[in-house]
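All remarks here apply to the structure that follows.
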Amino acid sequence: MIALLIFAAALWGFGFIAVKWMLPVWDPMASYFLRFLLASILMIPFFIWKKSWNRKSNEFKYALLTGSLLGLAQIFQTWGLKYTTSAKSGFITTLYVMIVPLIMLIQRHRVNLRFWSYCFSAIFGIFLLGNLNLESFNIGDFLSLICAFFFALHIIFIEKASKVITDPIEFNGFQNIVCAIIGLAIVLVLDTPIIDVNLSSFISRPVFGLIFLALGSSIIAFSIQVIAQKTIKPHLAGLIFLMESPFAALFGILFLSEELNLIQVFGCLLIIFSIFQASITKKEET
């Protein structure tokens with residue numbers, strides 16, 4: 001299951017590249033809406049095959065909750081990027097890895113002390129990878145922190161949902177629909193253009209990025225998350241998801257000709273080391 005979560009993190013990591021390919025054609029809110037709209041459309045044959053309309057209402061309720069949390073997290077992250085740098089936003093967003101175990105402690109779940117050291121070292125690795133130079137806290141940073149809180153709640157409630165749902169893929173399909181509905185409301189309120197696209201873009205990277213985000217990041221990766229969290233505790237899952245950052249850096253090198261300095265490479269290694277240590281102590285309930 002840990003390997004599955006790492007694979008999901010790799011898909012999300014490439015999602016950063018896909019978003020960068022989309023942004024020359026669609027703005028962030030339109031990209032968000034189109035991503036989940038296409039994911040919902042791609043799930044229609046599966047829904048028909050599974051006769052999903054006969055599913056118990058309990059699954060719809062959980063999908064409404066987790067889909068709303070995921071949608072709000074994405075929206076606050078996009079909103080925050082208007083006022084802060086992408087590096088600071090990425091760093092603050094990853095603080096969900098600290099928020100998840102804090103919520104678990106409030107719920108009276110045991111979290112091993114060693115796990116906290118792995119969290120701090122992984123967060124420091126993110127700090128180095130982002131090559132951050134922290135400035136004064138601004139409104140964009142605050143919005144990114146709200147985003148981290150919603151991501152943490154999403155991880156917590158995905159675990160709860162995974163215990164009662166019958167089909168993780170179908171459940172994730174419902175979740176994608178909720179995200180698409182939220183996205184539709186946002187683009188309508190903001191009057192965001194979503195169809196004013198040059199036809200040449202339909203054979204170029206922007207559309208490939210859209211397809212990957214819908215299929216790879218939204219359908220496959222989130223389905224893996226629901227499957228894996230049946231057996232993996234939320235705090236460990238949240239830490240493993242930080243692998244998204246090293247993967248994003250790797251794909252940036254491969255597809256965007258980006259470069260990393262030695263400090264950033266050390267940051268990547270520190271993240272990987274922290275996750276590895278936490279994973280091998282899973283039996284001790286880290």
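The values are calculated or read from the model by the stated rules, or taken from the named source; none is laboratory data. None of these values were measured; they are calculated from a predicted model. All Cβ positions, even for glycine, are placed from backbone atoms using ideal geometry, and neighbour counts span all protein chains on display. These area figures cover heavy atoms from the full protein model, side chains too; ligands, DNA and RNA do not enter into them. Shrake-Rupley method; radii C 1.70, N 1.55, O 1.52, S 1.80 Å.
Structure data summary
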item: FRET efficiency for L190 and F273, using Cβ-Cβ distance with R0 set to 51 Å, rounded to 0.05; result: 0.75
item: Per residue accessible area in Å² of the range 239-282, where ligands, DNA and RNA are left out and the probe is 1.4 Å; result: 51
item: Amide H partners (placed H, <5 Å) of T84, local residues excluded; result: none
item: Förster radius 22 Å - calculated FRET efficiency between L215 and M1 (Cβ-Cβ, nearest 0.05); result: 0.50
item: Calculated SAXS-style log₁₀ I(q)/I(0) at q = 0.13, 0.15 Å⁻¹ - the chain, Debye, Cα scatterers; result: -0.89, -1.21
item: Charged-residue dipole, Cβ positions (Lys, Arg, Asp, Glu), the range 41-93 about Cα centre, Debye nearest 20; result: 160
item: Karplus (6.51, -1.76, 1.60) ³J(HN,Hα), θ = phi - 60°, over the range 156-162, in Hz, Gly and Pro reported as x; result: 4, 7, 5, 5, 5, 5, 4
item: Heavy-atom accessible area order for K88, K160, largest first, 1.4 Å probe; result: K160, K88
item: The range 101-113 - phi-based ³J(HN,Hα) in whole Hz, Karplus 6.51/-1.76/1.60, Gly and Pro as x; result: x, 5, 4, 5, 5, 4, 7, 6, 9, 6, 10, 4, 4
item: Length gained when the stretch F47-F208 is fully extended (0.36 nm per residue, less Cα-Cα span); result: 55.5 nm
item: Cα shape, the range 149-192, gyration tensor, a/c 1.5 rule; result: oblate
item: Net charge dipole size for the chain [Lys, Arg +1 and Asp, Glu -1 on Cβ; Debye, nearest 20]; result: 960
item: Derived scalar couplings ³J(HN,Hα) [the range 57-73; Karplus, 6.51 cos²θ - 1.76 cosθ + 1.60; whole Hz; x for Gly, Pro]; result: 4, 4, 5, 5, 5, 5, 5, 5, 5, 5, x, 5, 4, 5, x, 5, 4
item: Range in the chain, longest, excluding exposed GluC sites (Glu not before Pro) [loop by DSSP; at most 11 other beta-carbon atoms within 10 Å]; result: 1-134
item: Mean projected area (nm²) of the alpha-carbon convex hull when the range 32-83 is viewed from all directions; result: 4.0
item: Rounded accessible area per residue of the range 81-188, 1.4 Å, Å²; result: 45
item: Cα-Cα over 28 Å, subset of K82/K230; K50/K163; K50/K160; K61/K233; result: K82/K230
item: Rounded if a/c under 1.5, otherwise prolate or oblate - the range 1-140, Cα gyration tensor axes; result: oblate
